[in-house]
Every structure is written in C-alpha cells, then in structure tokens.
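One structure is given below, encoded as structure tokens.
The values are calculated or read from the model by the stated rules, or taken from the named source; none is laboratory data. The model shown is predicted, which means the values in this text are computed figures rather than measured ones. In this analysis, Cβ positions are derived from the backbone assuming ideal geometry, glycine residues included, and neighbour counts consider all displayed protein chains. With ligands, DNA and RNA removed, areas are computed over all heavy atoms of the protein, side chains included. Shrake-Rupley method; radii C 1.70, N 1.55, O 1.52, S 1.80 Å.
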Amino acid sequence: DGDNNRVLYEVNGYQEMPMASTTKIMTCIIALEQGNLDDVVTVSSYASRMPDVQLNIRAGEQYYLRDLMYSLMLESHNDVAVAIAEHVGGNVEGFATMMNDKARALECNNTNFVTPNGLDAEGHYTTARDLAIISSYAIQNKDFIAITNTSSHQIKELKNGRSFSVSNKNKFLYMMDGAIGIKTGFTSKAGYCFVGAVKRVDRTLISVVLGCGWPPSKSLKWTDTKRLMTY
C-alpha cells in the first residue's frame, strides 16, 4: 500500500536479492533531490565505458542533467547512470553513500547499494519489501512521475549537437488502468525484475517482482505484476 507502506502480500519479501536496473529508482530520486535539472553534466571516460545497455555517450561530452534523467529511466542506460552519479556524488562511491543514507532514512535496512545502475556487483542487494518502500517514496516526487511516465524524449549534446531519441520501455504503463510506473530490470544474476505502481481513486498500490524468471521468460514479470495488482 503506497500510502502507508503496509505489506499486503509477499512471498520471500524480506529475502536479500540482486535487483538489476530497478536500482535506478533510487539513482533518479537522489539526483532529483541533490542535483539541479539545469546542471551541465560532463561525461567521464569511466562513465562512457559502461557495458550495455548504453546511450553511447562519449568522454568529454556535455548534457543537461534533465535530459540524462530520461535516458536513465526510459531506456535504463548504464553509462548515463554513472555520469549522473559522478556529477551528483563526486564519484560512484560518494553517490552510493548518498543512496545508502537515503535507504536508512526510509528504514530500508536490508538494502545496500554499490552501483548507480544495478549491474551485478558484490554487496549490491535489496528486498522486495525495501524496494517497494523506496518506490512509494519516489513516486511522491512530481518530477519523478513526469520523467517515468513520458513516452519519448529528445536529447541533445551541448557542444557538438549530437542528438538522441529515447523511448519508454515500461510496457506496464499500457497494461492496467491507472498504471503510473515504475521500472524494469534484468541481469544474469538478478533475472527479470519489475516495480509496478497503480494509482486508484482511494489508494496507490506498489508491486515488486525480483528474480521473476530468466530468458526466455521475459513476459513473466508482466503477468505476475498484473496478478498481484488484481489481487
């Protein structure tokens, strides 16, 4: 229940699990709270070398933080996540500390962030319960909702004008009435992950599935999420 964080149903909801790109929910909310959307972000060579999925930003390029947030949440780009983390937190470690401080403030004590993008890393984990609470917090931010509910966005590099178009990969937005979120994820270790949110007249519901199948079971996260929400 997104209004009071009461767990309505869970299976292994308190088990520590890798969460892949659902990590970016926390990356986004930290950047919104601690950064300025009009900031200019300069890409480091480290950020540019992140593995797929990437926007393929290049070292030395500059982008508005606002534009990178759409790349982060709509298409889940790993290079962009690191560029954002370095800009807001000084470096990835500093940003991870900010993520963990926020998790503790939300009383999510079975969560630990190491990366801003959710790529498999030792000691990077959460629980379905903690991730639901982080998400219920995130969707109270109007900018967060505006970004994650956008269908597509144009991005332009500020120095040489290279342009990109990103489009929303969250199919759940079109699967249920009132769907407002939130984020998909996949790594070989985490399996398919998804955090969903549905806004009803009288309440907001949050769902989390972690390790919800492995290839080729790509659609399991959608059917399970719909079943949870319907229940």
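Could you sort the peptides 73-82, 132-141, 86-95 by per-residue average Cβ neighbour count (10 Å cutoff), highest mean leading?
Packing proxy ranking, top to bottom: 73-82, 132-141, 86-95.
When the distances between all Cα atoms of the chain are binned every 5 Å from zero, what whole-number percent does each bin get?
1, 7, 16, 21, 21, 17, 11, 5, 2, 0, 0
Could you tell me how far the Cα centroid of segment 174-231 sits from the Cα centroid of segment 45-75, in Å?
25
List every residue whose amide H lies under 5 Å from the amide H of Gly181, counting only residues 5 or more places away in sequence or on a different chain, with H placed 1.01 Å from N in the peptide plane.
Ala197
Leaving out ligands, DNA and RNA, what percent of the accessible area of segment 31-90 is carbon and sulfur, probe 1.4 Å?
Numbers: 900 of 2300 Å².
About 39 percent, which is the carbon plus sulfur part of the accessible surface.
Around Leu55, which amide H atoms from residues at least 5 apart in sequence, or from another chain, sit under 5 Å from its own amide H, with H modelled in the peptide plane?
Asn78, Asp79, Val80
Residues in segment 91-113 near a label at Gln140, defined as backbone nitrogen under 15 Å from the 7 Å Cα→Cβ point?
102-108, by backbone N distance to the label point.
Just check segment 135-231 against the gyration tensor rule for me: Cα atoms, a ≥ b ≥ c as the square roots of the eigenvalues, rounded for a/c under 1.5, and otherwise prolate or oblate depending on whether a/b exceeds b/c.
Details: a/c = 2.32, a/b = 1.33, b/c = 1.74.
Oblate, because a/c is 1.5 or more while a/b does not exceed b/c.
In square angstrom, what is the accessible area per residue of the chain with a 1.4 angstrom probe?
Numbers: 10480 Å² over 231 residues.
Ligands and nucleic acids excluded, the result is 45 Å² per residue.
Report the residue, chosen from Pro116, Pro215, Pro18, that carries the largest GNM mean-square fluctuation when the chain is represented by alpha-carbon nodes joined by springs under 10 Å.
Highest fluctuation among the options: Pro215.
Return the sequence-ordered ³J(HN,Hα) values of segment 45-57 in whole Hz as given by the Karplus equation 6.51 cos²θ - 1.76 cosθ + 1.60 applied to θ = phi - 60°, using x for Gly and Pro.
Karplus-based 3J(HN,Hα) across segment 45-57 equals 5, 4, 4, 5, 8, 5, x, 4, 8, 10, 7, 6, 5 Hz.
Rank-order 3-16, 57-70 by packing density, defined as the average count of other C-beta atoms within 10 Å over each peptide's residues, highest first. Don't skip to the end; give the middle numbers.
Numbers: 3-16: 11.4, 57-70: 19.6.
Packing proxy ranking, top to bottom: 57-70, 3-16.
Once you put a point 7 Å from the Cα of Asp3 and another 7 Å from the Cα of Arg49, both along the Cβ direction, what distance in nm separates them?
5.0
Taking only C-alpha pairs under 8 Å that are 6+ residues apart, what is the relative contact order of segment 1-153 in percent? Mind showing how you got there, number by number?
Values: 253 pairs, mean separation 47.6, N = 153.
Reported as a whole number, the value is 31 percent.
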